[in-house]
Every structure is written in structure tokens, then in C-alpha cells.
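Since the structure comes first, as C-alpha cells, the remarks are kept for the end.
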Amino acid sequence: MTPFTYERAASPAAAVRAVASTPGAKFIAGGTNLLDLMKFQIETPTHLVDVRHLPLDTIEDTPEGGLRIGALVTNTVVASHPRVKRDYGVLSRAIVAGATGQLRNKASTGGNLLQRNRCPYFYNTDLPCNKRVPGSGCSALGGITRSLAVIGGSESCIAQNPGDMAVALRVLDATVETMDADGATRSIPLADFHLLPGDTPEVEFALRPGELITAVTLPPPLGGTHHYHKVRDRASYAFAIVSVAAVLQPDGTGRVAFGSVAPRPWRVAAAEAELAKGPAAVVAAAFEGAAPQEDNAFKIPLAERTLALVIAEGRA
Ligand SMILES: Cc1cc2nc3c(=O)[nH]c(=O)nc-3n(C[C@H](O)[C@H](O)[C@H](O)COP(=O)(O)OP(=O)(O)OC[C@H]3O[C@@H](n4cnc5c(N)ncnc54)[C@H](O)[C@@H]3O)c2cc1C
Ligand code: SF4
């Protein structure tokens, strides 16, 4: 690990000021992703600003009838919160499908949204990777791509977003609240939060340098039945190969997002409009223009089968 200095921030404003005033500084929350990346020297911050004890650790009702989840609320607390379980079941199920109990006890809402991709070549610092070293090349293209994106990638990068929570938040139309070094705040729709790689795959999130996530806000509940199915190589401690988050209504309409198939949670309005026609029609619309590799093309029929399971569950 490269040497670094450390401080514990006393307030959100102090945290953003500390990162802005120290070149090479980064926030650290649960540390479950950042510390791994530091051990591999993929991330080499010179200074860590610990935000874990900031008062951003509550879940509150919003005046509109929704829910505001502080950025430092752990995954365990979000998943087990009574209102999340009652009104936003897809979120609770998605979180519990991720990682392990120990990790979920540490992992924060903000840190989870910002977790990096799991492309095997991103973690192998002996090989080129445009996301790690811009302009160095992409070792995945022509390599082992089984876990990687089938849609939304580019000639520079085909890494997928591996998160579970973000797929549920996409279905729920969540927004991400932030604060910058000047104390200015803004709300970013989750739909715009994860960026497609294009020719700048190193820029993954719609955050400005030093911007702190302060909360995630959910609109009022949608009703319907809530589903999250994650297909993975092992029953636990494994990232999704494909996941489906859905909120289905009794009249056959609903919302659907696919996880681990694209650089962002993959939700397509035209695909949702096909729900009454069944899973094949939804998947055909959602994956129109997909560019799978030989060893990950199976993800598209797998997405269809997983969605079929979800729809059957919704009718049961
Ligand atoms: C073995 C293992 C298995 C896993 N399995 C899964 C899985 O199946 N599904 C899944 O979804 N995830 C999985 N994860 C990932 C895990 O969910 C993330 O590591 C975790 O959610 C990150 O949260 P954290 O608080 O620890 O973030 P940290 O590691 O502290 O930070 C991550 C990044 O976010 C930044 N950051 C943190 N908080 C803020 C903030 N408030 N504002 C701005 N920037 C911030 C940090 O600077 C850093 O860049 C797994 C992780 C491990 C180690
Ligand atoms: S797919 Fe992306 S993360 Fe993986 S090697 Fe290529 S550039 Fe790097």
C-alpha cells in the first residue's frame, strides 16, 4: 500500500473542504472497496478523509411521502428498516442478495453506489486497462469476458456495474443528493449517475471532484409486488452474472431493470412497455443493439429466463 495520511471529518462541510484542499485526497466510509483497491495499488490516495462518523446515518420520511436514506446508513440497516421492507421491498431484497452479513454491516449507502467494477483485468495491474490507466488499452476485448457487459460498453471498455442495490434504486427512480466544496448541494437522478464508458471509461460517476454523497432519496411508494432475482456462481459471496429488479402491478404493467449486464443498471422504458407481451418481448427491447462477446452472449437468454421467473412470481 502507498503511504497516506488520515483524518476523521467532524461535519459534511469539513469533509468536503478537507478533500478539496488536499491534492490526492479521498473520502473513506466502510472501506470495503477502497481498501482492497489500495492494497492492489489501483487506488493510491495520499490522504483519507473518514466520513463514517458523520451525522448522515438516519433514514427519514420525506414531506412527499418518500424516504431519505443518509449516505452513511449501512446496507444492513437499510435492508432491515421497517418502511424499506414494507414499501420498497425490491431495495431490501437487492441489498440482502449482495456480499455477506459482515460486509453489509460495514458497507455504506454512498460507498455502495460508488463501488468500482469487477472486471478481472482491472484488478490485474500487469495488464493494460483503460479504466485503470487511461489510453493503455483494454485487455478484456478478446480475453475472458464471461462476467462483463453485453450492452452499453464501448471499444474502450466493456466492464459491467456489479452492484445489487443500484439496480433496485434505478427501478425506484431514486435520486442522489450531494454537497460540494463550496457547500452547494444538488440532486442527481440515479438514471444519470452511472456514466457509460464511451472513450473516457475512467470517468464512472456523475460526481465532480471532491463532491460528497449526503443521501439517497426515494419517491413515494409504487405499490405492486417487489422482486429481486440474482443469478450467480455461488449462493453467497458472489457478484451477479445477471440480476433482475422489478415492481409489478396487478394490471400487468410495471418497472424492470437488469443488473450486471451493462456499465449501469439497465432500464429501458420501451422494454417496460412490452411487459404485457411477456419476458421475450421485454428482453428483445431492453437488449436491442447489444454487442455481446462469445463467452457472455448467454447473459441475454439468461436475463429472459430470470425475468420469466420474476413475472411468474408476481402472478403467484
Ligand atoms: C468480498 C466482497 C463481496 C462483495 N459482494 C458484493 C455483492 O454481491 N453485491 C454488491 O452490490 N456489492 C458487493 N460487494 C461490494 C460492497 O457492496 C462494497 O464494497 C460496499 O458497498 C462499499 O461501501 P463502503 O462504504 O465500504 O465504501 P468505501 O470502500 O469506503 O468507498 C468506496 C468508494 O466510495 C467513495 N465514497 C464513500 N462514501 C462516499 C460518500 N458519502 N461520498 C462520496 N464518496 C464516497 C470512496 O472514496 C471510495 O472511492 C462486495 C465486496 C466485497 C469485498
Ligand atoms: S473492460 Fe474496462 S475495466 Fe476491463 S480491462 Fe477493459 S478497460 Fe479495463
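Residue check: is Ala269 of a type in the set (A, V, I, L, M) and in contact with a Lys or Arg (Cβ under 7 Å, 6 or more places away or on another chain)? Here the answer is no, as Ala269 does not meet what is asked. For the subset of segment 134-150 comprising residues that are hydroxyl-bearing (Ser, Thr, Tyr) and closer than 21 Å to Pro265 by Cα, which member is least open to solvent (accessible area, probe 1.4 Å)? Selected residue: Thr145. May I ask you to verify whether Thr178 is hydroxyl-bearing (Ser, Thr, Tyr), touching a helix residue (DSSP H, G or I) at 6+ places or on another chain (Cβ under 8 Å) and assigned to a strand (DSSP E or B)? When the stated conditions are applied, Thr178 does not pass them.
Just for segment 61-71: of the residues that are touching a residue at least 12 places away in the same chain (Cβ under 8 Å) and part of a loop (DSSP other than H, G, I, E, B), which one is nearest to the chain's Cα centre (by Cα)?
Filtering segment 61-71 for residues that are touching a residue at least 12 places away in the same chain (Cβ under 8 Å) and part of a loop (DSSP other than H, G, I, E, B), the one nearest to the chain's Cα centre (by Cα) comes out as Ala71.
Residues that are within 8 Å of ligand 2 (Cβ to nearest atom) and buried (at least 24 other Cβ atoms within 10 Å of the Cβ) within segment 151-165 comprise Gly153, Cys157, Ile158, Ala159, listed in sequence order.
The residues of segment 1-60 that are farther than 14 Å from Ala181 by Cα, without any contact (Cβ under 8 Å) to a residue 60 or more places away in the chain and part of a helix (DSSP H, G or I), listed by number, are Leu35, Asp36, Met38, Lys39.
Look through Leu103, Leu91 and report the one residue that is among the hydrophobic types (A, V, I, L, M, F, W, C), in a helix (DSSP H, G or I) and surrounded by 18 or more Cβ atoms within 10 Å (Cβ to Cβ).
Going through Leu103, Leu91 in turn, just one is among the hydrophobic types (A, V, I, L, M, F, W, C), in a helix (DSSP H, G or I) and surrounded by 18 or more Cβ atoms within 10 Å (Cβ to Cβ): Leu91.
Looking at segment 181-192, is at least one residue under 14 Å from the mean Cα position of the chain (by Cα), assigned to a loop (DSSP other than H, G, I, E, B) and surrounded by fewer than 24 Cβ atoms within 10 Å (Cβ to Cβ)? The answer is no; no qualifying residue exists. Among residues of segment 119-136 that are without any contact (Cβ under 8 Å) to a residue 40 or more places away in the chain, those with a beta-carbon under 7 Å from a residue that is within 16 Å of ligand 1 (Cβ to nearest atom) at least six positions away or on a different chain give the pairs Cys129/Phe122. Is segment 72-83 home to any residue that is open to solvent by 30 Å² or more (accessible area, probe 1.4 Å), away from ligand 2 (no atom under 16 Å from the Cβ), in contact (Cβ under 8 Å) with a residue 40 or more places away in the chain and not in a loop (DSSP other than H, G, I, E, B)? Yes, the conditions are met somewhere in segment 72-83.
The values are calculated or read from the model by the stated rules, or taken from the named source; none is laboratory data. Here the structure is a predicted model, which is why all the values come from computation and not from measurement. Positions of Cβ are backbone-derived with ideal geometry, glycine not excepted, and every protein chain shown enters the neighbour counts. Accessible surface is based on the protein model in full, side chains and every heavy atom, while ligands, DNA and RNA are left aside. Shrake-Rupley method; radii C 1.70, N 1.55, O 1.52, S 1.80 Å.
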